[in-house]
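No value in this document is a laboratory result; all are computed from the given coordinates. Keep in mind that what you see is a predicted model, and the values were worked out from it rather than measured. Note: ideal-geometry Cβ built from the backbone for every residue, glycine included; neighbour counts use all protein chains shown.
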Protein chains: 2
Amino acid sequence: MRYVIGIDIGGTNLVVGAVREDGSGLGTVLSQPTRSEEGPDSVLARLTIIANTVIEETLSKQPEAEVIGVGIGAPGPLDTSSGVVFLTPNLAWVDLPLRQRMADALGYPATLDNDANCAILGEWWQGAARGAQHALGVTIGTGIGGGVITNGALYHGASDCAGELGHTSLDLQGRKCKCGNYGCLEAYASGPAIALRAVEAIEVGEPSVMLEHAGGDTARITAEIVYQAAQAGDNVALEVVRDTARYLGTGIANFVNIFNPEVVVVCGGVTRAGERLFAPLRQEVARRAFKPAVAACRIVAGELPGTAGVYGAAASFLQLRDAGKIGIPAQGMPRA
Amino acid sequence: MRYVIGIDIGGTNLVVGAVREDGSGLGTVLSQPTRSEEGPDSVLARLTIIANTVIEETLSKQPEAEVIGVGIGAPGPLDTSSGVVFLTPNLAWVDLPLRQRMADALGYPATLDNDANCAILGEWWQGAARGAQHALGVTIGTGIGGGVITNGALYHGASDCAGELGHTSLDLQGRKCKCGNYGCLEAYASGPAIALRAVEAIEVGEPSVMLEHAGGDTARITAEIVYQAAQAGDNVALEVVRDTARYLGTGIANFVNIFNPEVVVVCGGVTRAGERLFAPLRQEVARRAFKPAVAACRIVAGELPGTAGVYGAAASFLQLRDAGKIGIPAQGMPRA
């Protein structure tokens, strides 16, 4: 059995897994907090240790196993051809030759792609978008990442910047977004934006169990606390989830009119809100988008929570390698 | 020389032209008002007369000329596989087997595609987007049509509905759009929407030469009058053009973040406003979209005013024919 090591570098967690080349399953998967404040050298040193542990466990468990390469998913913008990350606001990395650093550190050929691209590619390969020709991914976490599959392949655009679905304005005079634009989907429906809307409601005096769950300190209210309170029937939390559905629904309606996809996969913790989120979200899309496009499109939660990015990084390795966008370790040959 | 007859069916005009198969030029081009209020039978009867005139002139001028087929661009939604137009709000056509009707009437194989798709395909084949792998078209007229070229081919989506760039909301609680959504780009920046914003400014008492140009009747103010008044330095008209740039710039910034295209081609009468429109439009895009995506993207006026749709309908014929999406005349064989 041949394996690709999938590395998913997020603002919160590093996840590394051994993915079977045919996508039929995962071997060892390890995760640890990113701790980006320690700087890129420290993060990459820890990432190397985790990846080597995954590789050693994979090879020791199955003597006939082989590792053929490493696919890396990282926040962008980045360049899949040179393997350089230009800028990651959440990690504070600038012009980092991430692909070469990891290829050299691990001794395997490596590829680099955008983390949100990897999430939808993983869902397309082995998850909720399996079999679709045209699929979109919307990954909600610290920010909102997007990924686009057209005609059965990841769409990268002219300079690997395509798919920034979270940075489309739904309100041209709306909330300032971290990206500099106004009214971006991310500014309303990312994890921190969801928490912020809950805090705003509580601060104008609406009673909510969320305040207790946060130990009386609104600064400690998170999106996770919102979902839990909504599950428990808290009215303020339910209102925040309904508003989240309205913002996401408006954005996804735009994407449905633009792409006419077969499926939109929503990934991230927000999906734990379940039908309380998805039912009004689908209604909002149906209210706003063209009926034939709505009829053609499923809107579903990701099926690979926690590992979509690892699957996708491995799938991206296979596709980018075939496109010649690969970095070889400095010693020239992959290790045996 | 082999020709494809390109037919561009618009809400205002019918345009038919003979396009050289290699795209190197146009033969006869004829145009007449659509007069959709007469109903589809009348429109198609007149369209048949125009197309036959174009075909006869083409064949009579060059005895060695040959017509190989007919490409039709029409407002949608429609189905390129069956050649049926489902619904055209501006023409009031419902479930019309347009491709077969025209193939039978003209005696040539025919194809059907969306009119805005044809506009960008024409600009990509022989106009402002020549040579691009990834290009977007935004066609501003009675409505705002969109078209998407990815990886060097027209992108149709799951059910031929893709590319509705005009129906993306820029203001989730904004102006009601004819499509049922709120705050669509079309509701702010189509020809009628541009005229409406001028009327609104005049009706609150702002002095403008536009009122004179419209014979004192605000109901007769058109987008064309706005562009002319802006050229003449009228302050209200200039403000309307600046606002148009802001709306278009917000929408195009969204598309740039989503598609990372090499070029966005703006087509339609609005381009006659020239740099008074394009300079602030490009500034708005640069202010809102990601810098690497902005750096990769030109934003330009179409180079084929009046004939982009004809060129594109012919190009679409060649592509859809090769994809097997073609209608053959009832008598079975194309006429000699």
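Near A:LEU185, within a Cβ-to-Cβ distance under 12 Å, what is the net charge of the other residues, with Lys and Arg +1 and Asp and Glu -1?
Net local charge, A:LEU185 excluded: -1.
Convert 25 °C to kelvin, take the viscosity as 0.890 mPa s, use the Kirkwood radius over C-alpha pairs of region A:212-336 as Rh, and evaluate the Stokes-Einstein diffusion coefficient in µm²/s, rounded to a whole number. Please list the in-between numbers first.
On the way: Rh = 17.4 Å.
Approximately 141 µm²/s, per Stokes-Einstein.
How high is the relative contact order of chain A, in percent, with contacts defined as C-alpha pairs under 8 Å that are six or more residues apart?
22
For chain B, set up a Gaussian network in which alpha carbons nearer than 10 Å are linked by springs, and say which option among B:ILE258, B:ILE149, B:ILE221 fluctuates the most.
Evaluated over chain B, the most mobile residue of the options is B:ILE258.
Compute the normalised compactness of region A:131-301: alpha-carbon radius of gyration over 2.2 N^0.38 Å, N being the residue count.
1.05
Equivalent ellipsoid semi-axes for region B:118-206, as square roots of 5 times the alpha carbon gyration tensor eigenvalues: give them largest first, rounded to whole Å. Write out the running numbers ahead of the final one.
Working: eigenvalues 177, 50, 15 Å².
Each semi-axis is the square root of five times an eigenvalue, giving 30, 16, 9 Å.
Within chain A, which complete DSSP H helices have Cα atoms spanning at least 27 Å along the helix axis and a mean Kyte-Doolittle hydropathy of 0.0 or higher?
For chain A, where a helix must reach 27 Å along its axis and average at least 0.0, the hits are A:40-61, A:235-259.
Quick check: net charge around A:ARG2, other residues with Cβ under 12 Å of its Cβ, Lys/Arg +1 and Asp/Glu -1?
Net charge in that neighbourhood comes out at -3.
May I ask you to derive the relative contact order of region B:129-301, considering only C-alpha pairs under 8 Å and at least 6 residues apart, and to give it as an integer percent?
Once normalised by length, the contact order is 22 percent.
How large are Rg and Dmax for region A:64-216 when calculated on the C-alpha trace, in angstrom?
18.7, 63
Rounded to the nearest 5, what is the percent of antiparallel bridges among the DSSP beta bridges in region A:131-301?
In region A:131-301, DSSP labels about 50 percent of beta bridges as antiparallel.
Separation of region A:158-180 and region A:182-254 by C-alpha centroid, Å?
What the calculation gives is 21 Å, centre to centre.
Which links in A:LYS291/B:LYS325; A:LYS325/B:LYS325; A:LYS325/B:LYS291 stretch past 31 Å when you go from one Cα to the other?
A:LYS325/B:LYS325
Quick one: if the Förster radius is 25 Å, what FRET efficiency do A:GLU57 and A:GLN32 give, using the C-beta to C-beta distance and rounding to 0.05?
E between A:GLU57 and A:GLN32, to the nearest 0.05, is 0.95.
Summing -39500 (n - 2.57) over the DSSP H runs of n ≥ 4 in chain A and dividing by its residue number, what mean residue ellipticity at 222 nm do you reach, to the nearest 500 deg cm²/dmol? List each step's numbers first, then the result.
Details: 11 runs with 133 residues, N = 336.
The helix contribution divided over chain A gives -12500 deg cm²/dmol.
Please report the antiparallel percentage of the DSSP beta bridges confined to chain B, to the nearest 5.
Here the antiparallel bridges make up roughly 55 percent for chain B.
Which value, in Å³ per residue, describes the convex hull spanned by the Cα atoms of the protein assembly as shown?
Normalising the Cα hull of the protein assembly as shown by residue number yields 171 Å³.
If the reach is capped at under 18 angstrom between alpha carbons, list the aspartates and glutamates near A:LYS178, excluding any in the same chain fewer than eight residues apart.
Straight-line reach from A:LYS178, under 18 Å: A:GLU164, A:GLU186, B:GLU284.
Taking 8 Å as the Cα distance limit and 6 or more residues as the minimum spacing, I'd like the relative contact order of region B:179-225 as a percentage.
35
Using the Cα centre of the protein assembly as shown as origin and beta-carbon charges of +1 (Lys, Arg) and -1 (Asp, Glu), tell me which of B:THR150, A:PHE86, A:ALA232 is placed farthest towards the positive end of the dipole.
B:THR150
When we measure straight from the Cα of B:LYS61, which aspartates and glutamates land under 17 angstrom away, once same-chain ones fewer than 8 places off are left out?
B:GLU21
So for A:ASP171, B:ASP95, fewest C-beta neighbours within 10 Å to most, what's the order?
Ascending Cβ contact count within 10 Å gives the list B:ASP95, A:ASP171.
B:LYS176 to B:GLN133: extension gain in nm, 0.36 nm per residue of separation minus the Cα-Cα distance?
Value of the extension gain: 12.0 nm.
Bin all alpha-carbon pair distances of chain A at 20 Å intervals from 0 and give each bin's fraction as a whole percent.
Taking every Cα pair in chain A, the percentages come to 32, 55, 12, 0.
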